[in-house]
Ligand code: NAD
């Protein structure tokens with residue numbers, strides 16, 4: 001083995017414990033802040049209010065307008081509210097959409113962020129912000145985007161619906177899987193990727209049967225931290241590019257799209273780098289594509305793009321968009337091979 005790498009972790013304080021979110025006030029104060037604005041989606045508004053109540057005088061209000069794909073108009077409204085309330089930090093409670101809003105605010109103002117994740121998306125530990133303006137989704141990276149504090153509290157995930165737990169978990173596994181062959185991977189990201197995938201392999205089947213199993217929820221959230229951290233340190237390839245294309249141009253649901261595409265993109269790349277993807281075989285069995293497909297099926301994941309209403313001509317266009325700009329991928333890609341891959345994912349066939 002030849003070692004040749006560069007490694008730069010992000011300076012994030014990670015706190016992980018059941019019940020840890022009860023200590024959020026301490027982290028507001030540690031950051032030197034006194035006027036927190038709590039962010040949530042409309043669906044989690046009541047949880048946001050409860051969190052603000054727990055913060056007492058350290059909270060100046062809530063903004064329950066976070067939504068998928070981080071539209072710039074929503075960010076502007078949230079910034080206005082933060083300015084009116086003279087907020088000096090945000091506490092983002094929720095999944096990737098809420099985290100995205102806090103990151104979008106920090107990108108513009110450097111306002112400190114505390115994130116309390118309630119899904120497995122992993123955005124809280126990456127320097128990546130995806131946002132949409134006039135229907136176009138763009139991605140930016142930067143240190144200001146990185147949250148200061150992340151509080152992982154497995155208790156807050158006990159009520160994450162099973163279907164969302166499964167797709168969000170597969171979304172996380174996708175971060176780790178692409179980390180295994182990323183050109184800028186390093187021994188730490190590889191270790192985290194393997195440990196993170198194993199955590200989900202063990203936790204998801206239990207969660208499907210017993211959604212409130214505390215140990216399984218803890219393991220899954222631990223996996224989310226590991227897989228998200230991998231995503232935050234590596235260059236994404238084919239899998240993330242295709243999912244970005246499908247979500248950005250065809251409005252397919254984020255985590256579900258990752259779940260459906262994962263066996264196909266990883267199966268495609270396995271032909272080029274079987275050694276690098278061997279940990280997937282070790283964990284999931286079969287070939288990398290088949291192992292991931294069988295696992296996804298066993299936990300009740302959606303398996304076919306056609307279930308999202310995509311047509312054959314959408315697939316033509318998606319293949320064209322996804323191959324328009326070159327990017328790092330272990331196996332050379334071209335329009336024909338990506339179109340065939342999309343067709344398999346559309347049908348929901350088991351990959352070779
Ligand atoms: P989400 O944040 O959109 O959440 C989906 C729905 O589930 C929302 O209504 C939310 O309020 C609700 N929800 C969240 N947690 C819940 C819980 N514990 N119980 C009940 N309901 C709950 O979904 P997501 O998959 O976490 O995030 C997707 C978004 O995150 C996308 O926009 C994606 O682009 C982004 N993302 C970004 C990165 C990054 O590094 N920038 C990484 C992953 C995902």
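Each value in this text was obtained by applying a stated rule to the coordinates, not by laboratory testing. Nothing here was measured: the structure is a model prediction, and the numbers come from that model. Don't worry about glycine lacking a Cβ; one is built from the backbone with ideal geometry, like all the others, and counts go over all protein chains shown.
Anisotropy class assigned to the range 122-272 is rounded, per the alpha carbon gyration tensor with a/c under the 1.5 cut-off.
The ranking of 105, 191, 197 by Cβ neighbour count inside 10 Å, starting from the fewest, reads 191, 105, 197. Taken over the range 1-125, the convex hull of the Cα atoms encloses 136 Å³ per residue. As a proxy for reagent exposure, ranking 250, 5, 200, 284 by other Cβ atoms within 10 Å from fewest up yields 5, 250, 284, 200.
Per-residue ellipticity at 222 nm, computed for the chain from helices alone with -39500 (n - 2.57) per DSSP H run of at least four residues, works out to -16500 deg cm²/dmol. According to the square roots a ≥ b ≥ c of the eigenvalues of the Cα gyration tensor, what is the shape class of the range 214-285, taking rounded for a/c under 1.5, prolate for a/b larger than b/c otherwise, and oblate for the remainder? In terms of gyration-tensor shape, oblate. Computed over every Cα-Cα pair of the range 113-154 and binned at 5 Å starting from 0, the pair-distance distribution P(r) comes out as 6, 21, 25, 22, 16, 8, 2, 0 percent.
Calculated translational diffusion coefficient of the range 162-347 (20 °C, 1.002 mPa s; Stokes-Einstein with Kirkwood radius over alpha-carbon pairs) equals 132 µm²/s. Quick one: helix 288-298 against the long Cα principal axis of the chain, what's the angle to the nearest 10°, folded into 0 to 90? With both axes taken from Cα atoms, the answer is about 60 degrees. Could you tell me the calculated FRET efficiency between residue 83 and residue 313, based on Cβ-Cβ distance and R0 = 45 angstrom, to the nearest 0.05? It comes to 0.50. Each part gets one Cα centre, and for the range 237-251 versus the range 289-351 those centres are 10 Å apart. For the pair the range 62-121 / the range 15-49, the C-alpha centres are spaced 12 Å from each other. Legend: Rg and Dmax of the chain, from Cα coordinates, 19.6, 59 Å.
Please label the shape of the range 229-333 as rounded, prolate or oblate, based on the square roots a ≥ b ≥ c of the eigenvalues of the alpha-carbon gyration tensor (a/c under 1.5 means rounded; beyond that, a/b larger than b/c means prolate, else oblate). Oblate is the answer for the range 229-333, as a/c is 1.5 or above yet b/c matches or exceeds a/b. Between 0 and 90 degrees, the angle of helix 238-250 with respect to the longest Cα principal axis of the chain falls at about 70 degrees. Rounded to the nearest 10 degrees, the inclination of helix 254-270 to the longest alpha-carbon principal axis of the chain is 40 degrees.
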